[in-house]
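Presented below is the structure to which this report refers.
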Amino acid sequence: MFDGSPDLWMLTALVFLGTFVWRALGAVIGSRIDPDGALFQWISCVSYAMLAGLMCRVLLLPIGTLAETPAMDRITALAAGFVLFMVFRRHVFAGTISAFAVFLALAVLRSQGVI
Amino acid sequence: MSDRPISTDVSRPGVTYKDHAHAFRGGIKAGAGMPLIMVLSGLTGFGALAHDSGLSLDISVALTLGLWGMPGQVAMAELHALGAPVLAIVAASSMANLRFLPMALVMMPVFRGHPLARTWRFLLTHLMAINPWTVFMRRGPQIAVEFRVPFFIGLSLICYLGGAVGTAMGFILAGTLPFAVTVSLIFLNPAYFLFVFSSVRQRNCIIAVVLGAIAGPLLHHVDPDWSVPLCGLLAGTTAFFLDRSMGGKRGSV
């Protein structure tokens, strides 16, 4: 459990710096970038596209444990979550919890051999 | 100033505290509800994912405390499990947390005028994550300037500690829980963020989310190592220009 190798600690330190650089840059530049300006808007677009792409990839083409579940279950759960997300006026909690509940129900039913 | 009328405008600082300790406790109270639940469950999912990716408990908690941004942590865990090159892991993880730059850029001006804001700016931005940021951007401007720093530290610290506890909990439970529960906890994490990103209000960001969601899995087939930053640059830049070409009001939808 506590057996992070020196290589892994080095990698952890590097990814820490990789994230901290954005925070530090944001703190230093502060308000110098106009939040309504084109540069700020472009940076926002790139970050949102990147994150949505990453999460979609993780959900649709997973690696590891999640890959052992049928894609159909993941898509069904997300679709159910999106319906409630929209019904509750783009409510993050409503979408997340319902997607989680549907996915859990499907996973339990599969492990019981019901479906 | 007794001659000043009581402001009903919510953008004016109307909330005040007795002292810094009181504001700090106010921040803890603001974080102890929904934000803490989301951080706990989200990072429990990350702990389970980290366990699944072959990381150790100490590294997993260090990633939460050091990165404090789940997309970057997930990128690191996933790409490490894939055996991607170090440079690609660092770049993807860093790019996945790029949003901290715009988030910090819009958060720091809220602290302006506080004597500690400049000295503590790196601590303030390090404690920043989606959950405390969302709460602070809504409540911070309503609080008297001198209490914003202690309020934010209380708010973000309770989330930060909750994140560390959640990570350890998820890591430890991952091996013992039934498969259905473990896999659901792993699923919870990316699903939560997909809904967080889907709740953006700006039109250009909505386009970016939709294009990114389509391009992400497609680009993964082309080049798994560099697909994340590539997806951001291609889909994000396309969304940026698409939104501009559409004209009209670019603000909210």
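Since every read-out is calculated from the coordinates, none of them should be taken as a lab result. Just so it is clear, the structure is predicted and the values come from calculations on it, not from any experiment. Heads up, the Cβs are rebuilt from the backbone with ideal geometry, glycines too, and the neighbour counts pull from every protein chain shown.
Would you mind ranking B:Tyr17, A:Tyr48, B:Tyr192, B:Tyr160 so that the residue whose beta carbon has the fewest other beta carbons within 10 Å leads the list?
B:Tyr17, B:Tyr160, B:Tyr192, A:Tyr48
With an 8 Å Cα cut-off and a minimum separation of 6 or more residues, compute the relative contact order for chain B in percent. Working shown, then result.
Details: 319 pairs, mean separation 79.2, N = 253.
Reported as a whole number, the value is 31 percent.
Counting C-alpha atoms alone, how compact is chain B: give Rg to one decimal and Dmax as a whole number, in angstrom.
For chain B, the Cα-based Rg and Dmax read 19.9, 67 Å.
Once each part is reduced to its C-alpha centroid, what is the distance from region A:52-102 to region B:172-237 in angstrom?
When both Cα centres are located, 10 Å separates them.
By counting other Cβ atoms within 10 Å of each Cβ, how are A:Ile29, A:Ile63, B:Ile130 ranked from fewest to most? Before the final figure, lay out each step's value.
Working: A:Ile29 13, A:Ile63 17, B:Ile130 24.
So the residues, fewest neighbours to most, are A:Ile29, A:Ile63, B:Ile130.
Let me confirm one metric for peptide B:226-238, namely the mean number of other chain beta-carbon atoms within 10 Å of its residues' beta-carbons.
Across the residues of B:226-238, the mean count of other-chain Cβ atoms within 10 Å is 5.
Based on other C-beta atoms within 10 Å, arrange A:Phe103, B:Phe240 from fewest to most.
Numbers: A:Phe103 25, B:Phe240 22.
Exposure proxy ranking, most exposed first: B:Phe240, A:Phe103.
Within chain B, which DSSP H helices have Cα atoms that stretch 30 Å or more along the helix axis and a mean Kyte-Doolittle hydropathy of at least 1.6?
Answer set is B:148-174.
Less than 9 Å Cβ to Cβ from B:Phe111, Lys/Arg counted +1 and Asp/Glu -1: what total charge do the surrounding residues give?
Working: positive: B:Arg112, B:Arg118, B:Arg121, B:Arg148; negative: none.
Summing Lys and Arg as +1 and Asp and Glu as -1 gives +4.
Would you please give the residues with an amide H less than 5 Å from that of B:Val15, counting only those at least 5 places away or on a separate chain, with H modeled from the backbone geometry?
B:Ile143, B:Ala144
If you build the Cα gyration tensor of chain A and take the root of 5 times each eigenvalue, what three semi-axes come out, in whole angstrom, biggest first?
35, 25, 11
Hey, in the GNM for chain A with a 10 angstrom Cα cutoff, which one of A:Ala67, A:Ala77, A:Ala13 fluctuates hardest?
Between A:Ala67, A:Ala77, A:Ala13, it is A:Ala13 that shows the largest mean-square fluctuation.
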